[in-house]
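What follows is a set of notes on a single structure, which appears directly below.
The values are calculated or read from the model by the stated rules, or taken from the named source; none is laboratory data. All values derive from a computational prediction rather than experimental measurement. FYI the Cβ positions are ideal-geometry reconstructions off the backbone, even for glycines, and counts take in every protein chain you see. Areas reflect the complete protein model, heavy atoms only, side chains present, ligands, DNA and RNA absent. Shrake-Rupley method; radii C 1.70, N 1.55, O 1.52, S 1.80 Å.
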Amino acid sequence: MEIFLIRALQFILSITILVFLHEGGHFVFSKLFGVRVNKFYVFFDYKFRLFSTYFNWYRRLRGKAPARRDAEGNYEYEGTEYGIGWIPLGGYCQIEGMIDETQHDVEKLRQAPKPYEFRGKPAWQRLLIMIGGVLVNFLLALVIYSAVLYTWGEDYYAMKDMTLGMKFNSEAKALGFRDGDILLGTEKGEFREFSADVFRDLSAATSAYVLRDGRRQTVTLPGDLNLLSMLQSDPVFARPLIPCEIDSVAASTPAEEAGLKKGDRILSVNGIAVDSWNEYTYQTGILDDRMTEAVTAADSLAIRNVTLCVRRKDAQTDTISLTLTPDLRLGVIQTSLRNYYKPTHVSYSLLGSLPAGVRYGIGVLKGYVSDLRYVFSSEGAKSLGGFGAIGSLFPPVWDWMLFWKMTAFLSIILAFMNILPIPALDGGHVLFLLYEMVTRRKPSDTFLLRAQYVGMAILLLLMLVANLNDVLRWIGLM
């Protein structure tokens with residue numbers, strides 16, 4: 001429960017920042033061009049709001065009384081209502097004379113546009129108002145990445161230093177990789193660290209270079225591997241080989257009761273050799289599959305009873321029988337990359353962090369755009385995640401560096417998704433404005449209104465599918 005709350009708080013704080021600044025981009029350009037903004041809300045205020053206030057700089061400077069609400073709950077004077085809604089799924093900036101999800105009064109649209117209305121401004125001004133939110137989100141991501149690099153620097157494990165090599169699945173081995181190969185790169189370039197970029201390069205490469213038994217060798221690849229399959233297969237296509245060595249033992253666990261100690265290395269599970277934690281996890285995954293077929297408590301207990309072959313720190317070998325926990329836990333902390341490799345640390349000056357942050361952010365954007373093509377496949381649709389999936393990306397403990405990196409990542413996603421040419425998104429409005437600027441013909445208000453309805457239906461459908469996937473994963477059906 002504590003982990004859930006920490007992640008939920010991080011998610012809400014991050015979304016609040018992103019929504020406020022995104023809508024702020026629309027707000028600033030609107031005010032710059034003299035367009036009236038009726039409402040500025042963080043989160044949606046359907047039926048009621050958590051907080052609202054009304055402010056009009058012009059009235060305040062003239063010393064006039066603050067606005068009051070009329071019988072219908074609307075403010076009597078012209079100005080902007082600022083507020084916080086109760087549904088933390090977004091926010092909005094209600095711009096006068098603009099057809100969006102907050103305004104669709106057909107009768108009002110038939111009237112001549114007022115000077116302070118969005119529809120009464122030149123196309124280039126309306127274009128800047130619409131891209132204001134996306135622009136702010138993209139620039140925000142670059143600023144955050146630069147600030148993170150300046151404040152904490154960058155730590156990574158260099159691929160060339162991973163002397164234990166990689167662990168590959170059967171698909172990778174069929175292509176010519178071998179366990180223990182040290183991945184060096186492809187014809188696209190050398191690998192810097194183990195990240196999603198490694199899989200992206202391997203999926204599109206025709207040649208991969210590895211260090212095997214001290215010699216550089218080439219593995220021929222087809223050039224069209226399915227990236228989604230590489231990442232979703234169990235085990236995954238490739239991952240660092242981490243010896244099945246125990247870092248520490250938790251108290252009152254099967255491992256402690258069986259006498260396992262720090263430094264012990266597990267050699268086999270039920271007679272099946274394991275050379276890494278990757279293999280150990282695979283074997284416990286097989287046991288987990290068998291647990292679904294268990295009928296009685298005795299059946300479950302029989303599956304949980306395992307025999308381990310262990311090599312002690314003094315090189316002696318022991319055979320141990322123990323009973324795993326109901327969720328098949330042993331009760332040990334596994335060794336990780338930090339136990340075997342020293343991370344490379346890079347520090348950045350204030351001036352050096354700026355271009356580094358820009359490069360990092362653009363790299364993240366390129367990777368995200370490249371992966372987006374898989375969304376249109378059946379497997380890609382299943383991989384869509386809603387608010388639960390996004391929230392789970394935040395760390396289980398409060399870490400400011402990881403929080404800001406995740407916020408920057410979400411800011412880039414928000415910018416890119418909003419600029420897609422889908423009606424109801426900023427990109428849909430931009431598309432129609434570009435059409436108007438090129439053809440000198442403005443789409444009719446009726447057409448824009450209908451396009452808005454279609455766009456909202458598409459967005460609601462996507463949101464429904466993504467969050468349904470979260471539910472199916474949670475109950476174990478996906």
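Listed values, structure above:
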read-out: Test: residue in the range 166-179 that is assigned to a strand (DSSP E or B), crowded, with 19+ Cβ neighbours inside 10 Å, of a type in the set (Phe, Trp, Tyr) and touching a strand residue (DSSP E or B) at 6+ places or on another chain (Cβ under 6 Å); value: yes
read-out: Qualifying residues in the range 424-446 (those that are within 30 Å of the chain's Cα centre (by Cα) and either part of a helix (DSSP H, G or I) or in contact (Cβ under 8 Å) with a residue 60 or more places away in the chain (or both)) - the one nearest to Gly132 (Cα to Cα); value: Asp426
read-out: Breaking point among (1) at pLDDT below 95; (2) within 28 Å of Leu351 (Cβ to Cβ), for Asp105; value: (2)
read-out: Odd one out for Gly185 among (1) open to solvent by less than 10 Å² (accessible area, probe 1.4 Å); (2) closer than 22 Å to Tyr282 by Cα; value: (2)
read-out: Qualifying residue in the range 394-409 (condition: over 23 Å from the mean Cα position of the chain (by Cα), open to solvent by 60 Å² or more (accessible area, probe 1.4 Å) and at pLDDT 90 or above); value: no
read-out: Yes/no for Arg329 being assigned to a helix (DSSP H, G or I), of a type outside the set (Val, Ile, Thr) and open to solvent by 60 Å² or more (accessible area, probe 1.4 Å); value: no
read-out: Residue that is open to solvent by 90 Å² or more (accessible area, probe 1.4 Å), touching a strand residue (DSSP E or B) at 6+ places or on another chain (Cβ under 9 Å) and either of a type in the set (A, V, I, L, M) or at pLDDT 90 or above (or both), where the choices are Leu61, Leu89, Leu50; value: Leu50
read-out: Residue list for the range 332-369, filter: open to solvent by less than 40 Å² (accessible area, probe 1.4 Å) and over 24 Å from Lys160 (Cβ atoms); value: Val332, Ser353, Gly357, Gly361
read-out: Residue in the range 119-128 that is assigned to a helix (DSSP H, G or I), under 30 Å from Met437 (Cα atoms), open to solvent by less than 10 Å² (accessible area, probe 1.4 Å) and not hydroxyl-bearing (Ser, Thr, Tyr) present; value: no
read-out: Considering residues of the range 189-212 that are among the β-branched types (Val, Ile, Thr) and open to solvent by less than 10 Å² (accessible area, probe 1.4 Å) only, the residue modelled with the lowest pLDDT; value: Val198
read-out: Near pairs, Cβ below 7 angstrom, 6+ apart or cross-chain, from the range 447-473 (farther than 13 Å from Ala389 by Cα) to any residue that is among the hydrophobic types (A, V, I, L, M, F, W, C) and at pLDDT 80 or above; value: Leu448/Phe432; Gln452/Ala424; Gly455/Ile422; Gly455/Ala424; Gly455/Leu425; Met456/Ala424; Ile458/Ile422; Leu459/Ala424
read-out: Filter pass, Val198 being under 28 Å from the mean Cα position of the chain (by Cα) and aliphatic (A, V, I, L, M); value: yes
read-out: Long-range neighbours under 8 Å by Cβ, at least six apart or interchain, first residue under 19 Å from Arg359 (Cα atoms) within the range 145-170, second basic (Lys, Arg); value: Tyr145/Lys405; Val148/Lys405; Tyr156/Arg192; Ala158/Arg192
read-out: Hits in the range 148-198 - residues which are closer than 15 Å to Leu241 by Cβ and polar (S, T, N, Q); value: Thr163, Asn169
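Condition check ((1) of a type outside the set (D, E, K, R); (2) surrounded by 13 or more Cβ atoms within 10 Å (Cβ to Cβ); (3) in contact with a helix residue (DSSP H, G or I) (Cβ under 6 Å, 6 or more places away or on another chain); (4) farther than 26 Å from Val236 by Cα) across all residues:
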{"site": "Lys262", "(1), (2), (3), (4)": "no, yes, no, yes"}
{"site": "Gly271", "(1), (2), (3), (4)": "yes, no, no, no"}
{"site": "Ser276", "(1), (2), (3), (4)": "yes, yes, no, no"}
{"site": "Asp289", "(1), (2), (3), (4)": "no, no, no, no"}
